[in-house]
Amino acid sequence: MTTLLSVPNFSEGRDRQRIDAITRAFDALLLDVHSDPDHHRAVVTLAGAPGELAAAVLTGAREIVGSIELDRHQGAHPRIGVLDVAPVVYLDDADRGAACAEALVLGDLLGTELELPVFLYGELAGGRTRAELRRGGPAALEQRLHAGELRPDFGPPRLHPTAGAVLVAARPPLLAFNVELAPPATLADARDIAAAIREHAGGGLPSVRAIGIWLHSRGVAQVSMNIEDHRRTRLADVVAAIAARAPIAEAELVGLAPRAAFEGFPDDLHVRGRATIEDALTDSD
């Protein structure tokens, strides 16, 4: 049986009761939940067969839209909506078509049922990136819509008054991976390292997106990353590139990763939240 994942990210990482209420809406297909107060964001991983995931994400999205207001949100993570992204993930290249179909159904449901403007990204949108759509935040996106420079792929041609917009894609597994620098590293140090390792025209690590932030709750600087293709850049390579520039205190995995992503990973580096997709799927059987 084909298994797909969906990884909705929503803009709440501090109110445990609210996070629990939202995740209960996903409960039947829920594999994992991760939340963070500094990023002020929660990441949910769901698993299901084609035809199941879109409806499950819609159910959770109703709870999110009804309980979170974007204009009251203050967090380190870039976002344009209370349900900021809702990708459908295929674990095998043979299931790419099923994931694309599920993502398009999800986009249509979010647009018609919840009146959210939905923007496709990645392979469903000719390679358009999340960063392109988030650049400048909700205000900049609203200006682009008003000027006619951009139109949603689904839903109304304006931001939802309290929920903003949502980004939808079909993609292979993405690794959300954070590295905390050992004191006395500063926010400037984290930003410099992020700029050096992220993929860009002049170099960096392939498939790596990175920003530097300060974690007030932990009192440390963090390099926060997405590794979009772990087959091109392993987590071990990311750690080595950062360690060459500053001492590392600890690392963190947000959500689940394929087991292969940890090949060659240093045994002496602790990773909070380390968990694999394969183990989570086995435990859910």
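The values are calculated or read from the model by the stated rules, or taken from the named source; none is laboratory data. Computed from a prediction, not measured in an experiment: that's the story for all the values here. Backbone-built Cβ (ideal geometry, glycine too); neighbour counts: all protein chains shown. Quick note on the areas: whole protein, heavy atoms, side chains included, nothing else; ligands and nucleic acids left out. Shrake-Rupley method; radii C 1.70, N 1.55, O 1.52, S 1.80 Å.
Among the residues of the range 48-91, which ones are among the aliphatic types (A, V, I, L, M), open to solvent by 20 Å² or more (accessible area, probe 1.4 Å) and under 15 Å from the mean Cα position of the chain (by Cα)? A76, the sole residue that qualifies.
Here G202 does not fit the description of being touching an Asp or Glu at 6+ places or on another chain (Cβ under 9 Å) and of a type in the set (G, A, S). Scanning the range 167-194 for residues that are surrounded by fewer than 17 Cβ atoms within 10 Å (Cβ to Cβ) and either touching a Pro at 6+ places or on another chain (Cβ under 7 Å) or part of a loop (DSSP other than H, G, I, E, B) (or both) yields A182, P183, P184, T186. Pairing each residue of the range 105-122 that is at positive phi and in a loop (DSSP other than H, G, I, E, B) with any residue that is small (G, A, S) and open to solvent by 10 Å² or more (accessible area, probe 1.4 Å), provided the two are 6+ apart or on different chains, yields C-beta distances under 8 Å for E115/G155.
Spot the failing condition for D267; the list is (1) open to solvent by 10 Å² or more (accessible area, probe 1.4 Å); (2) part of a strand (DSSP E or B), and only one is missed. Here D267 meets the rest and fails (2). Search the range 157-166 for residues being assigned to a loop (DSSP other than H, G, I, E, B) and open to solvent by less than 20 Å² (accessible area, probe 1.4 Å), and hand back the single one that is farthest from I64 (Cα to Cα). Across the range 157-166, the extreme among qualifying residues is A165. Evaluation of V33 against the conditions (1) more than 16 Å from L281 (Cα to Cα); (2) without any contact (Cβ under 8 Å) to a residue 60 or more places away in the chain; (3) surrounded by fewer than 16 Cβ atoms within 10 Å (Cβ to Cβ) shows that the sole unmet condition is (1).
Could you list, in sequence order, all residues of the range 14-30 that are over 30 Å from G97 (Cα atoms) and open to solvent by 10 Å² or more (accessible area, probe 1.4 Å)?
R14, D15, R16, Q17, R18, D20, A21
With the requirement that a residue be touching a residue at least 60 places away in the same chain (Cβ under 8 Å) and either touching a strand residue (DSSP E or B) at 6+ places or on another chain (Cβ under 6 Å) or not in a loop (DSSP other than H, G, I, E, B) (or both), what does the range 270-285 give you?
Scanning the range 270-285 gives G273, I277, A280, L281, S284.
Report yes if some residue within the range 195-203 is open to solvent by 20 Å² or more (accessible area, probe 1.4 Å), outside any strand (DSSP E or B) and within 21 Å of G255 (Cα to Cα); otherwise report no. So far as the range 195-203 goes, yes, one or more of its residues are open to solvent by 20 Å² or more (accessible area, probe 1.4 Å), outside any strand (DSSP E or B) and within 21 Å of G255 (Cα to Cα). Quick check on the range 226-243. Is at least one of its residues open to solvent by less than 40 Å² (accessible area, probe 1.4 Å), more than 30 Å from A47 (Cβ to Cβ) and either without any contact (Cβ under 8 Å) to a residue 24 or more places away in the chain or in contact with a strand residue (DSSP E or B) (Cβ under 8 Å, 6 or more places away or on another chain) (or both)? Yes, the range 226-243 contains at least one residue that is open to solvent by less than 40 Å² (accessible area, probe 1.4 Å), more than 30 Å from A47 (Cβ to Cβ) and either without any contact (Cβ under 8 Å) to a residue 24 or more places away in the chain or in contact with a strand residue (DSSP E or B) (Cβ under 8 Å, 6 or more places away or on another chain) (or both). Residues in the range 231-254 that are outside any helix (DSSP H, G or I) and within 19 Å of A131 (Cβ to Cβ): R232, T233, V254.
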